[in-house]
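**Q** Input: one structure, supplied below.
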Amino acid sequence: MNVTIRRWTNGVGIGLIHIAALAAFIPGMTHWSSVAVAFVLLWVTGGLGINLCYHRVLTHRSVRLLKPVEYILATIGTLSLQGDPVRWVAIHRKHHAYADREGDPHGRDRGFLWSHMDWLYKPNDALENEEELVRYVPDMANDRYYRALPYLQWAAHFALAGLLFAFGGWSWIVWGIFVRLVVSYHVTWFVNSAAHSLGYRTYVTRDLSTNCWWVALLAWGEGWHNNHHAFPYSARHGLKWFEVDPTWWSVQTLKFLRLADSIKLPPRAALQRKPVPVPIPVPVATTRQQPSRGY
Ligand SMILES: [Zn+2]
Ligand SMILES: [Zn+2]
């Protein structure tokens, strides 16, 4: 898709989804069942689809899933309307390669709001070159299922909407689709903004990443983001006993069920290192630098 059109559709789509979510305030549109459905779908589509599959499995290959399970979870991930996995993985790998420097698609060095959501619909140099993005996904670009998924995802979403309407009417549609999407968007975006701004830094990294407890709670463990930038290959992001990481529990459950293997973790010596207070670097304007190959 043309870059300018994509920027427009992103902006209009995000705006319309936020407006549609306001329907939750219409009297009679909110029930305990609709809130419960939204919460369960938030975990399944965001926690399992995006955090586990898109991020830890596909982007960083920190755990390997049985192929059909990987495809199912990737398809479920598309229900978060964050784009197809190939493009999502390419953008996220580029984020790790240039984190918070020129070239980062959502670098925190360009401001909180830019890293949160402005990068999606404003002119963005780091996303202008679509061919360049393909270089980041040599392991996925030729996978026939992932190439078809951008088209299949709409069928999946309409099927979900049909089921929600059949079982719960409009209130399940409003909560299960629109409210869920708004919450899911901002939770994911907080990983790029708040978890590159607020919290503590256990490890010295070349970026602004932080461990932010409330982002971790909202995003099923993804807020332990300084740990993640220090050890991008690790299937476990919460590395201290108090760093709660529900996505890691999902990995362990799938391993127990013999659906996951090849789980990567940081070396024991790194985990036993005492946390030291590391200041959060101040964002500065930077010149183009070589990417790191840390992902
Ligand atoms: Zn990051
Ligand atoms: Zn990552």
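**Q** Answer yes if at least one residue in region 149-160 is more than 30 Å from Ser33 (Cβ to Cβ) and free of Cβ contacts under 8 Å to residues at least 24 places away in the same chain, and no otherwise.
**A** Yes, region 149-160 contains a residue that is more than 30 Å from Ser33 (Cβ to Cβ) and free of Cβ contacts under 8 Å to residues at least 24 places away in the same chain.
**Q** Which of (1) surrounded by fewer than 14 Cβ atoms within 10 Å (Cβ to Cβ); (2) within 16 Å of ligand 1 (Cβ to nearest atom); (3) over 19 Å from Pro232 (Cα atoms) is the odd one out, the single condition Ala155 does not satisfy?
**A** Evaluating Ala155 over (1) surrounded by fewer than 14 Cβ atoms within 10 Å (Cβ to Cβ); (2) within 16 Å of ligand 1 (Cβ to nearest atom); (3) over 19 Å from Pro232 (Cα atoms) leaves (2) as the failure.
**Q** When you scan region 77-88, do you find a residue that is within 16 Å of ligand 2 (Cβ to nearest atom) and over 18 Å from Leu48 (Cβ atoms), even just one?
**A** Looking for residues that are within 16 Å of ligand 2 (Cβ to nearest atom) and over 18 Å from Leu48 (Cβ atoms), one finds at least one in region 77-88, hence yes.
**Q** Quick one: Phe190 ticks every box in (1) within 15 Å of ligand 2 (Cβ to nearest atom); (2) assigned to a helix (DSSP H, G or I); (3) surrounded by fewer than 20 Cβ atoms within 10 Å (Cβ to Cβ); (4) of a type outside the set (D, E, K, R) except a single one, so which number is it?
**A** Result: Phe190 fails condition (3) only.
**Q** Let me ask something additional. Being in contact (Cβ under 8 Å) with a residue 40 or more places away in the chain, of a type in the set (A, V, I, L, M) and either over 20 Å from Asp245 (Cβ atoms) or within 16 Å of ligand 2 (Cβ to nearest atom) (or both) is the filter here; which residues of region 55-68 pass it?
**A** Within region 55-68, Leu58, Val63, Leu66 meet the criteria.
**Q** Hey, Thr75 hits all of (1) under 12 Å from the mean Cα position of the chain (by Cα); (2) modelled with pLDDT of 95 or more but one; which does it fall short on?
**A** (1)
**Q** Moving on. Considering only region 109-126, I want to know if a residue exists there that is away from ligand 2 (no atom under 16 Å from the Cβ), touching a Pro at 6+ places or on another chain (Cβ under 8 Å) and among the acidic types (Asp, Glu).
**A** yes
**Q** Please note which helices (runs of 4 or more DSSP H) are completely contained in region 196-295 and include at least 3 residues that are over 21 Å from Trp114 (Cβ atoms) and either at pLDDT 75 or above or of a type outside the set (D, E, K, R) (or both).
**A** It comes to 213-218, 246-256, 268-272.
The values are calculated or read from the model by the stated rules, or taken from the named source; none is laboratory data. Owing to the predicted nature of the structure, the values given are computational and were not obtained by experimental measurement. Note: ideal-geometry Cβ built from the backbone for every residue, glycine included; neighbour counts use all protein chains shown.
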